[in-house]
Ligand SMILES: Cc1cc2nc3c(=O)[nH]c(=O)nc-3n(C[C@H](O)[C@H](O)[C@H](O)COP(=O)(O)OP(=O)(O)OC[C@H]3O[C@@H](n4cnc5c(N)ncnc54)[C@H](O)[C@@H]3O)c2cc1C
């Protein structure tokens, strides 16, 4: 598990710093599963904040393309996040799924989710250096996630095996916050299994994701953006 994941990696940071009046930055939120449901939005707001701090907003176009019909899965938070995006001047587009990037032509192609296969090309100045690829190894991609009971974290077929974290089959959002709740349950149930006792059902699907709307000074992992 990551102890302190930097908010912005070096390459993304260099792309953000390269934005200037007239630039078009395109951000996407793919369909689940992906790590941390808040992560795709955080980078949009941090970029908007960086531009504002450096007097470059609103000269830069910020567009956010979301696969889902809503900005966030929990309606209570979605209502507020729509306002945050509007306050940052972000153009939010729902039901758009990124299907291709042409780095030379600087276009991103999106398929309309729920449509008849219609696609649109969107101009972008900022794109990833290389084609996006799965982060899991070939071996990991070819195997299914360990199937564990979502409450006890015990493997459904092998009682002396337990799992936790992003890689296992539990339906919770994949966040470190979820792992924090799962870890003590796994420890307790391993100890119980060693004594021949049945596993406890200690996990309730908890997950959470902090949302950052600006690059605040006091608790910011990267102060140089
Ligand atoms: C941009 C971003 C922002 C996030 N922000 C938050 C947040 O604010 N709050 C929050 O709670 N969660 C957040 N998350 C999610 C959080 O990072 C993950 O849920 C958490 O790291 C999961 O921990 P894990 O140990 O299960 O997996 P990981 O942290 O992914 O650890 C798995 C490790 O296994 C290694 N590995 C993979 N395959 C092999 C192999 N074959 N052999 C050996 N090693 C291997 C990997 O290199 C990695 O080090 C964020 C994720 C991202 C991507």
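The values are calculated or read from the model by the stated rules, or taken from the named source; none is laboratory data. What you see is a predicted model; the values in this text were computed from it and never measured. Positions of Cβ are backbone-derived with ideal geometry, glycine not excepted, and every protein chain shown enters the neighbour counts.
Inspect all residues belonging to the stretch 71-86 and state whether any of them is within 17 Å of the chain's Cα centre (by Cα), surrounded by 14 or more Cβ atoms within 10 Å (Cβ to Cβ) and on the phi > 0 side of the Ramachandran plot. Taking every residue of the stretch 71-86 in turn, none turns out to be within 17 Å of the chain's Cα centre (by Cα), surrounded by 14 or more Cβ atoms within 10 Å (Cβ to Cβ) and on the phi > 0 side of the Ramachandran plot.
Taking the stretch 114-162 as the range and being surrounded by 15 or more Cβ atoms within 10 Å (Cβ to Cβ), modelled with pLDDT of 95 or more and within 26 Å of residue 94 (Cβ to Cβ) as the test, only 122 passes.
Quick check: anything in the stretch 163-183 at pLDDT 95 or above and away from the ligand (no atom under 15 Å from the Cβ)? No. Do we find a residue being crowded, with 17+ Cβ neighbours inside 10 Å and within 14 Å of the chain's Cα centre (by Cα) anywhere in the stretch 56-64? Yes, some residue in the stretch 56-64 is crowded, with 17+ Cβ neighbours inside 10 Å and within 14 Å of the chain's Cα centre (by Cα).
Return the residues of the stretch 4-37 that are within 17 Å of the chain's Cα centre (by Cα) and away from the ligand (no atom under 16 Å from the Cβ); say none if nothing qualifies. 26, the sole residue that qualifies.
Residues in the stretch 38-65 that are more than 16 Å from the ligand (Cβ to nearest atom) and either in a strand (DSSP E or B) or in contact with a strand residue (DSSP E or B) (Cβ under 9 Å, 6 or more places away or on another chain) (or both) were compared, and the one that is farthest from residue 101 (Cα to Cα) is 51.
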